[in-house]
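So the structure is just underneath, and the comments pick up after that.
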Amino acid sequence: MRGQFATIIVNIILFISAAILTYLFVSSSYNSLNNINNAAISRQELISNKLNTIIQIDSCAYDNSSRNLILYVKNYGNTLLNQSNTVLFVNGYLKENITINLVQCPNEINIWAPNCIISINTSWNSNGYYYIKVVSEYGVDDQKLIFVNVSSSICLVQ
Amino acid sequence: MLSTMKADLSSIFSSIVVFSIFLFGIFTIKYIIESSYNNLYTIGLSISERYYEKSRELIIFKNNLSNYENPYIIIQNKGNKPEDLNCYKLYVNGILTNFYYNISKLYPVDLLLPGEEAIIYFENSSIRKDSWNFVQLISCSGTKFLTLIYIS
């Protein structure tokens, strides 16, 4: 009788231990699954933002008087962008000392809104073909090959 | 007897653990596949919509001569999509230029409908006189239409 009672107690203890361990495992697994799910949702939102953010280098011009190259970049997406977070790369190198201005924006707010154009001005004094890349928020970018002829004040986007 | 019960308990316990691991694996794979599918679907839809809009746009230029005092360019919508010229952008010699337009309306709406013509009058600030000028007209969705026009 005492032996059977002891067995029942041992079984109960083992069962409770198994239940606690299973609960711990399931709850930690659930947390991990939840984290994976949240990460997937965040990634999808990021991709969606990236897809809804389209910028395009529309045109470029060379101003012979100020020796500046002017790039016109338009926001074709439907997200608001901060123009000050825009950077310019020329042949892969970061171009510093650029001036960004909003041009022909349909609204009065000082932000790079959809259908709004920014002009990027940078000093320039060399001829030839260059790969330029404009990178904005969410990592959205546009890369174009441009041809610059300083003496003729010509800049063409290929 | 006790050892048999212990073995039973341990097999129950291990089967619960294994089943939990199996469920965890299944749900993980489900989330990954669902997420990848949703991403691909969103990307595909966005790209197809963008290119569909662009493929329906076609603007042709009807003149290649104009004058410095009142420069203009005549365009015709040869695509199969109405165009809103309000959001079009005009670049003359690469420089963003202000313009206004006048549509020869065949149908009373303010859009440039397929087949209709419009005259675009633009500023002469960036024009090179007695020379060929490079004109770019860029649509609302970013399609470029390029031409040269001689301004005397």
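The values are calculated or read from the model by the stated rules, or taken from the named source; none is laboratory data. Please read all numbers here as calculations on a predicted model, not as lab measurements. So basically every Cβ, Gly included, is an ideal-geometry build from the backbone, and we count neighbours across all protein chains shown.
Taking the options B:35, B:46, name whichever one is out of contact with any Lys or Arg (no Cβ under 7 Å at 6 or more places or on another chain), surrounded by 12 or more Cβ atoms within 10 Å (Cβ to Cβ), within 10 Å of chain A (Cβ to nearest Cβ) and assigned to a helix (DSSP H, G or I).
B:46
Restrict the check to region A:29-36 and report whether at least one residue is closer than 30 Å to residue A:141 by Cβ, in contact with a helix residue (DSSP H, G or I) (Cβ under 7 Å, 6 or more places away or on another chain) and either at the interface with chain B (Cβ under 10 Å from one of its Cβ atoms) or surrounded by 12 or more Cβ atoms within 10 Å (Cβ to Cβ) (or both).
yes
What do you reckon, is residue A:23 more than 8 Å from chain B (Cβ to nearest Cβ), surrounded by 13 or more Cβ atoms within 10 Å (Cβ to Cβ) and under 21 Å from residue B:22 (Cα atoms)?
So residue A:23 does not fit the description; no.
Of the numbered conditions (1) touching a Cys at 6+ places or on another chain (Cβ under 7 Å); (2) within 7 Å of chain B (Cβ to nearest Cβ), residue A:75 fails exactly one; give the number of that condition.
Looking at each condition in turn, residue A:75 falls short on (2).
Take residue A:96 and decide whether it is over 21 Å from residue B:135 (Cα atoms), in the same structural domain as residue A:143 (by TED's automatic domain parsing) and acidic (Asp, Glu).
yes
Return the residues of region B:114-133 that are hydrophobic (A, V, I, L, M, F, W, C) and crowded, with 18+ Cβ neighbours inside 10 Å; say none if nothing qualifies.
B:118, B:120, B:122, B:127
Specify the residue that is surrounded by the fewest Cβ atoms within 10 Å (Cβ to Cβ); the eligible residues are those in region B:49-99 that are within 11 Å of another protein chain (Cβ to nearest Cβ) and of a type in the set (Ser, Thr, Tyr).
Only one residue fits best here, namely B:88.
Is it true that some residue in region B:38-47 is over 30 Å from residue A:149 (Cβ atoms) and assigned by TED's automatic domain parsing to the domain that holds residue B:144?
No, region B:38-47 contains no residue that is over 30 Å from residue A:149 (Cβ atoms) and assigned by TED's automatic domain parsing to the domain that holds residue B:144.
Need at least 1 residues that are more than 20 Å from residue A:154 (Cα to Cα) per element, so show me which strands (runs of 3 or more DSSP E) inside region B:60-152 make the cut, counting only ones lying wholly within it.
Numbers: elements: B:72-77, B:89-92, B:95-97, B:99-104, B:117-122, B:131-138, B:144-151.
Where strands (runs of 3 or more DSSP E) fall fully within region B:60-152 and carry at least 1 residues being more than 20 Å from residue A:154 (Cα to Cα), they are B:72-77, B:99-104, B:117-122.
Listed residues B:9, B:23; which is within 11 Å of another protein chain (Cβ to nearest Cβ), in contact with a Ser or Thr (Cβ under 9 Å, 6 or more places away or on another chain) and assigned to a helix (DSSP H, G or I)?
It is B:23.
Restricting to strands (runs of 3 or more DSSP E) lying wholly in region A:45-103: which have 1 or more residues that are among the hydrophobic types (A, V, I, L, M, F, W, C) and surrounded by 13 or more Cβ atoms within 10 Å (Cβ to Cβ)?
A:55-63, A:68-75, A:87-90, A:99-103
Inside region A:54-82, can you point out the residues that are aromatic (Phe, Trp, Tyr) and in contact (Cβ under 8 Å) with a residue 40 or more places away in the chain? Walk me through it before giving the result.
Step one: list which residues in region A:54-82 are aromatic (Phe, Trp, Tyr), which gives A:62, A:72, A:76.
Once the filter is applied, which keeps residues that are aromatic (Phe, Trp, Tyr) and in contact (Cβ under 8 Å) with a residue 40 or more places away in the chain, region A:54-82 yields A:62, A:72.
Looking only at residues that are under 18 Å from residue A:100 (Cβ atoms) and hydroxyl-bearing (Ser, Thr, Tyr) in region A:127-158, which one is surrounded by the most Cβ atoms within 10 Å (Cβ to Cβ)?
Per the stated criteria, the residue is A:136.
Which residue, of A:133, A:144, A:95, is within 18 Å of residue A:61 (Cα to Cα), charged (D, E, K, R) and without any contact (Cβ under 8 Å) to a residue 40 or more places away in the chain? Write out each step before concluding.
Working: A:133 fails: without any contact (Cβ under 8 Å) to a residue 40 or more places away in the chain; A:144 fails: without any contact (Cβ under 8 Å) to a residue 40 or more places away in the chain.
Every option except A:95 fails the conditions.
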